[in-house]
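K.L.:
Handing you this structure, nothing more for now.
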């Protein structure tokens, strides 16, 4: 048991170090990568425009549910006027960046891991390395850099749509005055809350996209599966680990802001 525990611990430490080196190489290749702007624009489109529908739908219904549940909770204490405060702080501090990141992992992150996994299995990455092309800069750097830009914007959009959803529940469905709702939102939000939201989103973007790229890039290292099964396994592992990392990082960042 002790030997198994030791091997497992060393394996985890090795994987963490390998992931850290992988991410460092991706950022180190920023200045050496040619035509970075074109691939960066494509990455922004993949993580931004393609993910807009899911962000809008999930953000709207998150706000609707928060407004509905929050109204009935506050109604017990005669504090319906604080609905805007409840919805805005919940979305900006926690649900906005977390749910937006999880949605982006499910769509953009999984697609990235599968794409790199297929390129690894079809030896396209090996061909690039043979031609002397920096694979980290060519394949990974644009995705990681774009995540630092796209994730905060998607989280901000998620929060805005969620606030509208909360207003729809509170004002149109439950009879709360729209002025009371939006004035409570204005009084509740502070620059510190907005900076916390954007900081979380940027950190989530860096961690999740780099982790998905790492698993897809290293699909050939899997010993439990080969071929299409290896791509499936690496994609699943990337999505699961990214989701867990988002929740863990959310707690750590929140502990610094509270």
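Just so you know, all these numbers are worked out from the coordinates, no wet-lab data involved. Computed from a predicted model, the values in this text were never measured in an experiment. Cβ: placed from backbone, ideal geometry, glycine included. Neighbour counts: every protein chain shown.
K.L.:
If you line up the long axis of helix 191-217 against the longest principal axis of the chain, both from Cα atoms, how many degrees apart are they, to the nearest 10?
P.N.:
Approximately 30 degrees, to the nearest ten.
K.L.:
Give the relative contact order (percent, whole number) for the range 161-255; include only Cα pairs under 8 Å separated by 6+ residues.
P.N.:
Over the range 161-255, the number comes to 25 percent.
K.L.:
What angle, in degrees between 0 and 90 and rounded to the nearest 10, separates the Cα long axis of helix 178-188 from the longest principal axis of the Cα atoms of the chain?
P.N.:
Once rounded, one gets 60 degrees.
K.L.:
Continuing with this model, one more query. How far apart, in nm, are the 7 Å Cα→Cβ label points at residue 122 and residue 41?
P.N.:
If labels sit at residue 122 and residue 41, their model points lie 2.4 nm apart.
K.L.:
Shifting gears a bit: Taking the Cα atoms only, what angle lies between the long axis of helix 52-75 and the longest principal axis of the chain, rounded to 10 degrees?
P.N.:
Taking the Cα atoms of the chain, the angle to 52-75 is about 40 degrees.
K.L.:
Which of 183, 88 comes first, and how do the rest follow, when ranked by fewest Cβ neighbours within 10 Å?
P.N.:
Ascending number of Cβ neighbours within 10 Å: 183, 88.
K.L.:
Let me ask something else about it. Test of understanding: ordering 27, 204, 77, 61 by Cβ neighbours within 10 Å, fewest first, what list do you get?
P.N.:
On the way: 27 16, 204 28, 77 8, 61 13.
Least to most surrounded, the residues fall as 77, 61, 27, 204.
K.L.:
Next question. Debye calculation, C-alpha points only, no solvent: report log10 I(q)/I(0) for the chain at q = 0.08, 0.11, 0.12, 0.13 Å⁻¹, in the same order as the q values.
P.N.:
Computed log10 I(q)/I(0) values: -0.39, -0.67, -0.76, -0.85.
K.L.:
What is the distance in Å between the Cα centres of the range 238-252 and the range 27-81?
P.N.:
So the separation of the two Cα centres works out to 16 Å.
K.L.:
What is the calculated FRET efficiency for residue 173 to residue 94, with r their C-beta to C-beta distance and R₀ = 25 Å, to the nearest 0.05? Intermediate values should be presented prior to the final figure.
P.N.:
Values: r = 24 Å, r/R0 = 0.94.
Given R0 = 25 Å and the Cβ-Cβ separation, E is 0.60.
K.L.:
Compute the FRET efficiency between residue 226 and residue 149 as 1/(1 + (r/R0)^6), taking r as their Cβ-Cβ distance and R0 = 41 Å, and round to the nearest 0.05.
P.N.:
0.70
K.L.:
Quick one: length gained pulling residue 183 to residue 256 fully straight, 0.36 nm per residue minus the C-alpha distance?
P.N.:
23.5 nm
K.L.:
So, one more: So for 3, 237, fewest C-beta neighbours within 10 Å to most, what's the order? Spell out each step's value before the answer.
P.N.:
Working: 3 7, 237 17.
Lowest count first: 3, 237.
K.L.:
Can you tell me the FRET efficiency between residue 15 and residue 164 if r is taken as the Cβ-Cβ distance and R0 is 35 Å, rounded to the nearest 0.05?
P.N.:
Efficiency computed from Cβ-Cβ geometry: 0.25.
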